[in-house]
Amino acid sequence: MLDRLYLPFLALAALAAVALSLVWPQGLGDRSPEPFGHTPVQRTPEMQAAMKREHEASMRRVEEAREAVRNLQNQAIAPSQ
């Protein structure tokens, strides 16, 4: 008897979830379908430039850290007097 109430309610909840996903604002990923979507924040030119600057700064820091490790290893192998 409980299935007669539970399963239709479950189907209605699933349909409501699908309908809600069509109109709810998308996150930072791909654009939603045309009537609902907007340009994602990460695709704007300003954000692209900021992400590129952040990536370049990160790569610079990584290279500086690697160079520091190389210098320490070189000093450990052949200490200067």
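The values are calculated or read from the model by the stated rules, or taken from the named source; none is laboratory data. All values reported here derive from a predicted model rather than from experimental measurement. Protein only, heavy atoms only, side chains kept; ligands, DNA and RNA dropped before computing areas. Shrake-Rupley method; radii C 1.70, N 1.55, O 1.52, S 1.80 Å.
When Asp30 is tested against the conditions (1) at pLDDT below 90; (2) open to solvent by less than 80 Å² (accessible area, probe 1.4 Å); (3) of a type outside the set (A, V, I, L, M, F, W, C), the lone failure is (2). Within segment 40-81, the set of residues being modelled with pLDDT under 90 and among the hydroxyl-bearing types (Ser, Thr, Tyr) comprises Thr44, Ser80.
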